[in-house]
Amino acid sequence: MAIMANSYAPNLLYRFLVRWLVCGLGLWIAAGLLGDERITYDGRIGVIIIGGLLLAIINAVIKPIVVILSLPAILFTLGLFMIVINGLMVMLASAIYSPLHVSSIWSAMLAGVVIGLVNYLVTAILEDR
């Protein structure tokens, strides 16, 4: 049993580090695509790194609870409500960490879509290995 627990911990840490990387990379790409008037990070990479970490923590802790509570809306919209949930998670990260500023829920939803696409691409690349 102890061997299985020890081998699981590095895998969990690896998955969280990948999630952190994906969130940071997605934020950076979304900020580049949407422009400074929608997502601002003062041009500092540290803001993106900390914002990505915060977003990864929010997605690991708060997002599953929100998804379970909004399951009827997700099912009714055939999953499209997940875009709103992703946007709300980006807005929450922006509200908690003030150097990262997202101007509106629409910008946050677009950033959530970009982060989701980056997540899909990175996961596809890593699973091919």
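Here, each number is a calculation from the coordinates, and none is a lab measurement. Nothing here was measured: the structure is a model prediction, and the numbers come from that model. We place every Cβ from the backbone using ideal geometry, glycine too, and count neighbours over all the protein chains shown.
Summary table below
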quantity: Rounded FRET efficiency, nearest 0.05, which uses the C-beta distance separating SER98 from LEU126 and R0 of 41 Å; calculated: 0.80
quantity: 3J(HN,Hα) from dihedral phi, region 64-75, Karplus parametrisation 6.51/-1.76/1.60, rounded to Hz, x for glycine, proline; calculated: x, 5, 5, 5, 5, 5, 9, 4, x, 5, 5, 5
quantity: The chain: relative contact order as a whole-number percent, Cα under 8 Å and 6+ apart; calculated: 33
quantity: FRET efficiency, 1/(1 + (r/R0)^6) with R0 22 Å, evaluated for LEU117 and ASN11 via beta carbons; calculated: 0.35
quantity: Distance in nm between pseudo-label sites at ALA73 and ALA60 (7 Å out along the Cβ direction from Cα); calculated: 2.6
quantity: Burial order of peptide ranges 61-67, 24-30 (average beta-carbon count within 10 Å, highest first); calculated: 24-30, 61-67
